[in-house]
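Every number in this text was worked out from the coordinates using simple rules, so none of it is lab data. Keep in mind the model is a prediction, meaning the values are calculated, not measured. Heads up, the Cβs are rebuilt from the backbone with ideal geometry, glycines too, and the neighbour counts pull from every protein chain shown.
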Amino acid sequence: MKAVESDDFDKARQLMFGEEYASYKQKINEMILQFQETMEKRVDGEKKQASDMAAFYLMLTNVMIALVLLRGAGVFVVLFKKLRPLTVVSQRLNELAGNEGDLTARLPVTGKDEVGELSASFNAMLEQIQRLVAQVGESAEQVVASAEELSAGVEQNSKAAEQISLTIQEVAAGTDRQVQSVGEGSASIAAMTNQI
């Protein structure tokens with residue numbers, strides 16, 4: 001461009017159509033391909049990282065649920081094995097079991113005897129299970145939200161890489177058109193010079 005601005009068309013032709021032009025064009029194309037490969041690797045890495053993170057959180061959620069279930073099962077085993085003669089508590093537990101997993105229901109604490117202590121302990125256990133289930137639900141929502149954000153970020157990076165690649169290709173095509181225009185301009189100037 002500097003050669004054209006200084007009206008040195010021979011130098012401009014030599015720069016544009018000489019051996020250096022082809023090597024510059026090849027270097028630009030190599031850099032474009034290298035950039036595309038780098039962006040594809042990055043997108044693949046981010047997709048794998050998002051997938052790995054989602055799998056980790058899913059596994060963590062499953063472990064938490066299993067622990068809650070094991071703890072609940074352990075407590076029930078102890079309750080029913082050691083306190084089987086307590087028919088009042090047993091009947092009430094059956095009623096609670098019939099209300100489709102309502103963790104807000106509680107046993108009545110009638111005194112400070114074994115039945116009262118058992119009822120209070122069972123109510124405390126239900127409160128803990130209720131809290132744990134709520135925490136597991138919140139964790140699951142956070143995992144899903146994080147996975148969606150990561151997936152959206154990866155997709156956005158992929159689209160940005162594609163857009164950058166298209167822009168670079170358009171710039172390369174524009175450069176080719178400018179070279180052709182300069183060539184045609186040079187030919188026109190040469191023709192005008194010959195006519196004068």
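Here the Karplus relation 6.51 cos²θ - 1.76 cosθ + 1.60, evaluated at θ = phi - 60°, turns the backbone of segment 43-57 into coupling constants of 4, 4, x, 5, 5, 5, 4, 5, 5, 4, 5, 5, 5, 4, 5 Hz, with x for every Gly and Pro. Between Asn29 and Gln195, the FRET efficiency from the beta-carbon distance, with R0 = 30 Å, is close to 0.15. Take the Cβ atoms of Thr167 and Val133, set R0 to 41 Å, and the FRET efficiency comes out at 0.20.
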